[in-house]
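The values are calculated or read from the model by the stated rules, or taken from the named source; none is laboratory data. Everything quoted here is computed from the prediction, not taken from an experiment. Here Cβ is always computed from backbone atoms with ideal geometry, including for glycine, and neighbour counts include all displayed protein chains. All accessible areas refer to the heavy atoms of the entire protein, side chains included, with ligands and DNA or RNA removed. Shrake-Rupley method; radii C 1.70, N 1.55, O 1.52, S 1.80 Å.
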Amino acid sequence: MKNNSLLNKDLALNYEQFSDAITNDFIGTDFIDRLEWAMLMIQQNFNQMRLAEYLPAVTRNHFDKAYLMAGGEDSLNNNVKFFRPFTDLQATPDIFPDLNIKVMTFEETIQLNKVKQLDIRTKQALRSKLHYAYEISSAFYNKKTEAFYGCKNGYEFNRGFFSLRTKVDNADKLSFSEIPNSISLHPNYTMPANAVTLLPKKQIVDVMKLIAMSYQVAMSMYYEWSIYIKEYDNIGLIVPIEPQILSELYKTSLIKFESKKQMVHFVKEHYRRKVAAPGEDYTVFINRYLRGEHRFNYRGFYAEVIPPKYDLVRARTKKKFVDGSK
């Protein structure tokens, strides 16, 4: 059965018109400006890049809890660093076996990307034969129509992908066995065996770098503090933040807590003296734990502080925090 895939009519433009429509020339480098624009944009329409019944739709909910990478002199996260992909410090599925990273970036274009590793059951349903398979959802902002246009694609590849090193910068040197293979995300459809060879090499390299970089983002975010910010009736974004800046914000009028409790923080391990009986006491060891309030109002937005997952897995707490990997 043949099914047609039609380009969204909004995108039926020549190259110059399309480039102009997606170029970010209206949002500056000021962090607060970018944050407010981001919160406005994710409320707007999400349309499909191509139109066909069998193509999976991309909606705004795909990008809830996306990490907002927006720099600027007033940024909350100027010191958040990522290891370069395809180096000796490349993170792999052995470290993050259930990768699900979402990122919003403000560069020449404004984009949302989500890279999700598919589980074994889904891989089998899609007849994926290689070691790893991924669902990649992407959306770019069109300033002319004030909407995002999304698409979703599937790729699979072998373990050697993470050992390519700098060779990935030269697409002409990559062999067919080293590049991601396109797969259908619909179980009733298959891709041609040579589908990936029909794609521009730059697009293949961009996909490779996106997957590899997603693991580097996951690595950094595992150790970083962040804030989940959203309109009260909308999806939200996660902003990585330096804890010392968080402490400074607490002293200003920008943050308003629902209670008078101190902002959430870790209490280091210590000994505490307890009374056993009149005239007697004893000392107990107290493990490191979390204390304080983590929900607050920030510039009119609902917000939650998210401690590093590295520390959360080591601390006993009954507090529930937003998880950017879900």
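Quick notes on this one:
- Ranked order, 178, 108, 146 - accessible area, probe 1.4 Å, largest first: 108, 146, 178
- Counted charge near residue 103, where neighbours are those whose Cβ lies closer than 13 Å (Asp, Glu -1; Lys, Arg +1): +3
- Highest mean packing first, where packing is the average number of other Cβ atoms within 10 Å per residue, the peptides 56-65, 39-48 line up as 56-65, 39-48.
- Cα gyration tensor shape for the range 9-222, rounded if a/c is under 1.5, else prolate or oblate: oblate
- With contacts taken as Cα pairs under 8 Å and at least 6 residues apart, the range 88-231 reaches a relative contact order of 22 percent.
- With 28 Å as the limit on Cα-Cα distance, the pairs of 144/230; 123/326; 202/309; 9/65 that go past it are 202/309; 9/65.
- Solvent-accessible surface ranking, highest first, for 309, 201 at 1.4 angstrom: 201, 309
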